[in-house]
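Working notes, beginning with the structure itself.
Here, each number is a calculation from the coordinates, and none is a lab measurement. The shown structure was predicted, so the numbers you read here are calculated from the model rather than taken from an experiment. Cβ placement follows ideal geometry from the backbone for every residue including glycine, while neighbour counts extend to all protein chains displayed.
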Amino acid sequence: MAALPPYASNTQIAWHYGFRVLCAMIFFFLIFPILVIIPLSFNAQNFFTFTPEMLRLSPEGYSLKHYEDFFTSSSWQSAMWNSLTIAPLATLLATVLGTLAAIGLSQSHVPYKSAIMAILISPMIVPLIISATGMYFFYSRIGNFLVNDVGLPLDAVNFAKIVLAHAALGTPFVIITVTATMVGFDRSLTRAAASMGANPVTTFFQVQMPLILPGVISGALFAFITSFDEVVVVLFLGTASQKTLPWQMFIGLREQISPTILAVATIMVALSIMLLTTLELLRRRSERLRGLSPS
């Protein structure tokens, strides 16, 4: 944090400390509602409020029963494994498509780059309910053809539809992060590799990919979070056998008030913190590789 110069005026001093107080208040406003659920997840009672024992910090007021219910309940475990199966597949597909699109759009000879970029990132802009409705009508025709005419299993077709839909939602994040990484990429490296006889595939994996890898991984993490946390599209496209963790949480709030939701939410917050920490480390590594920050 930069210190105030000795010649700072009263207005500069007031702004210096006032700005930090304002940032702290905004941070508190955004983070505190999320942090409330963490102690509530250890509630020994089936309540969504702090009990007198919890307020007194009595050991009797705290328990791991909700976490135990999450890890022993068949419905919660089925939803968790569905999420852990769908999200990585959607992330892999979104990462491949988004990286190739970003590399293609970074070429100077590509026409209408702005229009193409706007179309590719439109899933981030269009309201999710509209995207989910469009995907429902689009995939329903394809799904009916594959099930009725081709004879594929219904569960496999529905599973593939959810993976493709989540990949479509995650691809814009990969495109944006990889495109931002490509801004600082030195084109002379690929020309030097080509002049030494390397083919385009070798140049990509040996020269280009190591330098843009932080952006690719960052985009993949964003795509994973998008898929893992998505519920609207799954409600439109999925069935009971594809019930994901956010869907199960939605049911827990709508049909049965289950305090296990608090434990699941705490686990997801911890997962988000780990992913955000990874993103920050990758951002710093990318800046070091591009010479934007000291080693």
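Across segment 213-237, which residue is surrounded by the fewest Cβ atoms within 10 Å (Cβ to Cβ) among those that are β-branched (Val, Ile, Thr) and under 21 Å from PHE159 (Cα atoms)?
Only one residue tops the list, namely VAL231.
What residue, among those in segment 20-59 that are more than 22 Å from SER258 (Cβ to Cβ) and over 30 Å from the mean Cα position of the chain (by Cα), is surrounded by the most Cβ atoms within 10 Å (Cβ to Cβ)?
Out of the qualifying residues, it is SER58.
Those residues that are closer than 24 Å to PHE173 by Cβ and crowded, with 22+ Cβ neighbours inside 10 Å, I need them from segment 238-269; list them, please.
Passing the criteria: THR244, LEU245, VAL264.
Pull out all pairs, ordered by first then second residue, where Cβ-Cβ is under 8 Å, the residues are six or more apart or on different chains, the first lies in segment 141-168 and is in a helix (DSSP H, G or I), and the second is of a type in the set (Lys, Arg).
ILE142/LYS161; GLY143/LYS161
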